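Have a look at the structure below, then the notes.
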Amino acid sequence: MKSSQEDIELLETYIKGRLSPEEKADFEVRLSKESDLNSDCNDLKILMEGMRVSVLEKKLDMLKNLENNTTAIVPNETKNDLPPFLSSKKIWLAGIIILFLAIFGWWMVNIFTNRLPKENESLFASRIDSDFILHKTERSTGITDSLSVQQRIAYDLFTIEEFAEAIPLLDSLWRTHHDTLAYFYLGLSYRVQGEKEKSQGILLDTILLNNPRFKSSVEKINK
């Protein structure tokens with residue numbers, strides 16, 4: 001990040017919504033004028049979201065460890081401290097199973113919520129690697145370090161078909177940096193998400209059609 005330590009701390013306070021209305025308004029004026037500060041703001045948002053996911057993963061690990069450790073509970077140590085119905089291993093195990101099922105149910109709901117429209121599932125069935133992931137060539141030639149944090153995350157989300165999460169990052173890359181690869185991925189993401197008007201507005205744009213890098217891929221999509 002190019003910002004000073006003071007500005008980074010200010011960015012964190014801004015992202016967490018802890019600035020007063022006056023401070024927030026003044027800071028957003030700076031964001032609109034200072035491109036480096038705005039770029040660092042986007043990167044910090046991504047990093048903080050990654051930290052949130054990491055905390056969730058740690059909680060899941062704790063749950064797994066708790067389940068594994070239930071077999072090590074010694075009845076004599078808890079017999080005098082807890083009521084009989086709480087000292088039973090079966091009760092503890094049942095509670096853990098219920099919690100696990102709740103987490104699994106939440107996960108399944110998210111899968112079906114973010115599932116691709118059925119008519120677009122075939123689009124990525126066998127052609128995504130060969131036709132549509134264009135940044136693989138860049139990585140193989142050692143230009144990976146030229147990608148920003150936001151680019152790497154947005155491109156990777158697109159690659160693993162997490163289109164709902166990729167769309168806002170790709171849109172930001174296009175609007176802020178005129179990243180044509182992000183623009184192409186954005187149009188394709190809208191396509192597989194079933195948002196045809198937005199997709200066509202991008203995939204039929206002369207910016208892509210007149211670019212040799214994207215022309216053949218766009219023509220395959222529009223067939």
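Can you tell me the FRET efficiency between ILE207 and LYS2 if r is taken as the Cβ-Cβ distance and R0 is 35 Å, rounded to the nearest 0.05?
Values: r = 28 Å, r/R0 = 0.81.
Using R0 = 35 Å, I get an efficiency of 0.80.
Sort the following peptides by mean Cβ neighbour count (other Cβ atoms within 10 Å, averaged over residues), highest first: 176-185, 93-102, 192-201, 155-164. Walk me through the numbers before you get to the answer.
On the way: 176-185: 19.8, 93-102: 11.9, 192-201: 15.3, 155-164: 17.2.
Going from most to least packed, we get 176-185, 155-164, 192-201, 93-102.
At a 10 Å Cβ-Cβ cut-off, how would you order LYS45, LYS33, fewest neighbours first?
Placing the least packed residue first, the sequence is LYS33, LYS45.
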Fill in the blank from the handout: Between LYS16 and ILE160, the two model label points (7 Å from Cα along the beta-carbon direction) sit apart by a distance in nm of 2.7
Practice task
Measure off 7 Å from each Cα along the Cα-to-Cβ vector at ASP26 and GLU195, then give the distance between these two points in nanometres to one decimal.
Solution key: 3.6
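Taken together, the values in this text are just the output of simple stated rules run on the coordinates, not laboratory data. Just so you know, these numbers come straight off a predicted model, no measurement behind them. Neighbour counts run over all protein chains shown; Cβ positions are idealised from the backbone, glycine included.
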